[in-house]
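The values are calculated or read from the model by the stated rules, or taken from the named source; none is laboratory data. None of the values given here were measured: they were computed from a predicted structure. Quick reminder, even Gly has a Cβ in these numbers, built from the backbone with ideal geometry, and neighbours come from all protein chains shown.
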């Protein structure tokens, strides 16, 4: 064989060997790079899914907890056969049922009007298999339980939320509600067409599947029946080592807001699994990203050909251009990759200072475009999550009837005021307002008129206090006003102004035959920097008690001798 042939053969062998080695290295490098980006992408998807899909579930849980703690309901639960307590409890239930299901409400009747006089339907039997779930909850003393099951009595399948009614450790009953399972799945599948190669599984801490969004199935393609059968994550992941690794990953994120990621075989395909914790339910979301879909083999054909040409050129030119066209660009690519992996995906600005005009330069351009696209998508998802979180925070702090702060919102305001007072040494004032004879308004004119009275009073408080004060509906017929006034005379003036303006209000019955003048009793207190929140509320409460004792429609301010 001639030397030329040997040399050409050697060149071909070196080129082919180099192509194979380089292809494997670049393939692994690109997979690692995209894998790092996909971890961030999976984290945002998981957070977005949780906030969007489970937000209605969290709201139903909060309403159920409030109902289970209602004093009227607790009193009736202790003596369920008492007709007076039963009537009062029905009014509370009637008030709450319109808050459920995103304010769509519940109906306790049917087309034939069977339950008009009495909404009672059946009694749970500890010997019945269909009712044993209730007694298991009571036995386990599980305060909040969320499960997906059919109700054989009602003939529906929902995501059931169960909150125990208890007082001083004694279990009195259970508040139960449910969300349509198909609606929850529809929310999960809402953007499935835009997330090719991504599947999500929401599981409990025993790895039982609660929700499952399959890659390749549209919102209209899923079947409810498939999800009613109790499944375990092991049915999707065959390898016991992968299951063990997943359980370890779940344990690592159970007490934090961070995520963990591992590679597993999901439905027989190697995929990246991003695991996050849902602390409100003690559930987990596992997002599976199919790297073969995100990074298909065909994408590497131009890269393979490019490096074949580069290797041949290196052999011919003896490496002169190797350093200029390969080493430096690859170093830049590695530096940008490290910069991207070490920074937050939504803040990294990828730009190559050294960019060749060949295929490697095109790769850098495509990499910049890819990173920019993922960054933009990540920022959009984060913005949506922030907007949804802001809406949920507002709903959690605002009273829906009066649009003032609710008790939770005002407690945050008061805590901040107490903390600021300790820092600055400045005092502030609070006014505790109680509507006089509010129960008589409800009893004589109905709850709708009582609600109208509360809204009129809230509007008057807003008009008097304007923007320099914080006002809230503290609960029932009580309001709380937080003011920067730190002088007893000024606070007394404000209290009298509120009392006087409200005393001008009146409310009429629907037939116009009866009218009722609205009055309030006001208790106030100046809160000094040495007081804590409990003391502040106690002083205002004592002042309110004195105002009511003085005959109502009056004001009273606490001083250091008022408790004597």
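Go through region 458-479 and give me each residue that's touching a helix residue (DSSP H, G or I) at 6+ places or on another chain (Cβ under 6 Å) and either farther than 23 Å from residue 534 by Cα or surrounded by fewer than 21 Cβ atoms within 10 Å (Cβ to Cβ) (or both).
460, 464, 475, 477, listed by residue number.
Scanning for something in a loop (DSSP other than H, G, I, E, B) and touching a strand residue (DSSP E or B) at 6+ places or on another chain (Cβ under 9 Å), does region 409-418 turn up at least one residue?
no
If you scan region 391-444, which residues turn out to be closer than 19 Å to residue 528 by Cβ, more than 33 Å from the chain's Cα centre (by Cα) and surrounded by 15 or more Cβ atoms within 10 Å (Cβ to Cβ)?
Those that are closer than 19 Å to residue 528 by Cβ, more than 33 Å from the chain's Cα centre (by Cα) and surrounded by 15 or more Cβ atoms within 10 Å (Cβ to Cβ): 427, 428, 429, 431.
Which of the residues belonging to region 152-171 are modelled with pLDDT of 80 or more, surrounded by fewer than 18 Cβ atoms within 10 Å (Cβ to Cβ) and in contact with a strand residue (DSSP E or B) (Cβ under 8 Å, 6 or more places away or on another chain)?
The one that is modelled with pLDDT of 80 or more, surrounded by fewer than 18 Cβ atoms within 10 Å (Cβ to Cβ) and in contact with a strand residue (DSSP E or B) (Cβ under 8 Å, 6 or more places away or on another chain): 171.
Listed here are the residues, each with its yes/no results for (1) at pLDDT 75 or above; (2) more than 30 Å from residue 278 (Cβ to Cβ); (3) over 28 Å from the mean Cα position of the chain (by Cα).
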site: 61; (1), (2), (3): yes, no, no
site: 79; (1), (2), (3): yes, yes, yes
site: 102; (1), (2), (3): no, no, no
site: 135; (1), (2), (3): yes, no, yes
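Considering (1) closer than 24 Å to residue 416 by Cα; (2) touching a strand residue (DSSP E or B) at 6+ places or on another chain (Cβ under 6 Å); (3) surrounded by fewer than 14 Cβ atoms within 10 Å (Cβ to Cβ), say which one residue 491 fails and leave the rest.
Tallying (1) closer than 24 Å to residue 416 by Cα; (2) touching a strand residue (DSSP E or B) at 6+ places or on another chain (Cβ under 6 Å); (3) surrounded by fewer than 14 Cβ atoms within 10 Å (Cβ to Cβ), residue 491 fails exactly one: (3).
Given 55, 68, which one is assigned by TED's automatic domain parsing to the domain that holds residue 198, surrounded by 20 or more Cβ atoms within 10 Å (Cβ to Cβ) and either in contact (Cβ under 8 Å) with a residue 24 or more places away in the chain or touching a helix residue (DSSP H, G or I) at 6+ places or on another chain (Cβ under 7 Å) (or both)?
68
This table checks each residue for (1) more than 21 Å from residue 414 (Cα to Cα); (2) assigned by TED's automatic domain parsing to the domain that holds residue 456; (3) not in a helix (DSSP H, G or I).
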| residue | (1), (2), (3) |
| --- | --- |
| 480 | no, yes, yes |
| 485 | no, yes, yes |
| 512 | yes, yes, yes |
| 526 | no, yes, yes |
| 534 | no, yes, no |
| 538 | no, yes, no |
| 542 | no, yes, no |
| 553 | yes, yes, yes |
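For the structure I just gave you, tell me whether residue 430 is within 26 Å of residue 92 (Cα to Cα), in contact with a helix residue (DSSP H, G or I) (Cβ under 6 Å, 6 or more places away or on another chain) and touching a residue at least 12 places away in the same chain (Cβ under 8 Å).
no
Report, by residue number, each residue of region 238-253 that is touching a residue at least 24 places away in the same chain (Cβ under 8 Å) and touching a strand residue (DSSP E or B) at 6+ places or on another chain (Cβ under 6 Å).
239, 249, 250, 253
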